[in-house]
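Take a look at the structure below.
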Amino acid sequence: MPPIEVLVTEDELMARIEELADALAPSLQGDWSAVSILIGATPFTSDLMKALARRNIHPVLDVIWLESYRDARESSGRVVVRADLGRSVEGRGVLLLDDVFDTGRTLAFAKAHLLAKGARQVITCALTQKPWAPRGEDGVDFCAFDSPGRYLVGYGMDDAGKYRGLPYIGALD
């Protein structure tokens, strides 16, 4: 295994997810779905759903499999839907969850896709955001961590499919 520098420990991840659940809770009243972007956001989604449940918030969970990286370390610039939603979002609010907010293309594509399917509102939430990621109106609504401009692995993030199971966020150089 190449050297991986630990940037965010497992304990820091869990504490920040609890804070994020506190921040999100007031917005998630009524009919909501949580849509996780596969594959990278899976651990984040699981832990955030548990944190929301501890606050008696139970959105309907669904997934969408979008791909823009394949096995490369840089986005191809093109977003492809590998698998679409399993449940309707028509008339519902959607909490859209992703692992890394980088160029903004994937979340913008997913948000437009969900609104076209009739979602009444989409709130975006990312585990991390890169220093160059769009901010303001084009930025992510909620983010757990600002990350350095390095290649991240662990806690769902991978390098050609490896290291997703690490319980921390690390950097590969």
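Structure data summary
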quantity	calculated
Only listed residue being surrounded by fewer than 20 Cβ atoms within 10 Å (Cβ to Cβ), within 17 Å of the chain's Cα centre (by Cα), farther than 26 Å from residue 163 by Cα and touching a residue at least 24 places away in the same chain (Cβ under 8 Å), chosen from 23, 83, 112	23
Residues of the stretch 115-134 classified as surrounded by 16 or more Cβ atoms within 10 Å (Cβ to Cβ), in contact with a Gly (Cβ under 9 Å, 6 or more places away or on another chain) and of a type outside the set (Ser, Thr, Tyr), total	8
Single condition residue 161 does not satisfy, out of (1) at positive phi; (2) touching a Leu at 6+ places or on another chain (Cβ under 9 Å)	(2)
Hits in the stretch 160-173 - residues which are crowded, with 18+ Cβ neighbours inside 10 Å and modelled with pLDDT under 95	172
Residue among 97, 48 that is touching a helix residue (DSSP H, G or I) at 6+ places or on another chain (Cβ under 6 Å), closer than 18 Å to residue 152 by Cα and at pLDDT 95 or above	97
Filtered residues of the stretch 125-152 (kept if in a strand (DSSP E or B), touching a residue at least 40 places away in the same chain (Cβ under 8 Å) and either touching a Ser or Thr at 6+ places or on another chain (Cβ under 6 Å) or farther than 12 Å from residue 41 by Cα (or both))	128, 142, 143, 144, 145, 151, 152
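The values are calculated or read from the model by the stated rules, or taken from the named source; none is laboratory data. All values reported here derive from a predicted model rather than from experimental measurement. Every residue, glycine as well, gets a Cβ built from its backbone with ideal geometry; the counts of neighbours run over all protein chains shown.
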